[in-house]
Amino acid sequence: MSVEVGSKVKGKVKGITNFGAFIELPDGSTGLVHISEVADSYVKDVNDHLKIDDEVEVKVIGEKEGKIALSIKKAIDRPEGQKPAYEPRQQRQGRGDRRPNSNFKPKENFEDKMSRFLKMSEENLSSLKRNTESKRGGRGGRRG
């Protein structure tokens, strides 16, 4: 392939889908600009930003198994230190990656939770005893 990863090239929009746009590159190959790489701001519909046969400058960000990944927002030259208007949140790797909020303060400590649990337990046991005693004949006495 004559297109190298990291290079900027001009291309022509040849197709638009709900997940991105297909761009024909100067060497005749076609690459995909994913919807997340179309603009710095949130892109709900690619058609709001691109039209078929538009000339766009793209940066080649990857090539795997003959598929070329392109980016329009990375092709834009920014002065050093300037951030894009929209920066995507970092992806979480899984449930174990969640970190508690630094402002999080528990409402009650362990001792409070334990005393609340014991109180509820005793109430439940006493109501259970009351209900079962009445069904057995009451007051724990045996009938014979």
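What follows draws every value from the coordinates through simple rules; no lab data is involved. The structure displayed is predicted, hence computed values, not measured ones. Glycine also receives a Cβ, built like all others from the backbone with ideal geometry; neighbour counts cover every protein chain displayed.
Could you compute the FRET efficiency for Lys107 and Glu133, with r as their C-beta to C-beta distance and R0 at 41 Å, rounded to 0.05?
Numbers: r = 37 Å, r/R0 = 0.91.
Once rounded, the FRET efficiency stands at 0.65.
In nanometres, what is the gap between the two model label sites at Asp45 and Glu24, each 7 Å from Cα along Cα-to-Cβ?
The answer from the label model is 2.5 nm.
What is the dipole size for the stretch 8-76, taken about its Cα centre, with +1 at each Lys and Arg Cβ and -1 at each Asp and Glu Cβ, in debye to the nearest 20?
Value, rounded to 20: 140 debye.
Please report the equivalent ellipsoid semi-axes of the stretch 8-76, computed as sqrt(5 x eigenvalue) of the Cα gyration tensor, largest first, in whole Å.
17, 13, 11
Just want the ordering: Leu50, Leu70, Leu128, Leu32, from fewest to most Cβ atoms lying within 10 Å of their own Cβ.
Values: Leu50 20, Leu70 28, Leu128 10, Leu32 17.
Ordered by Cβ neighbours within 10 Å, fewest first: Leu128, Leu32, Leu50, Leu70.
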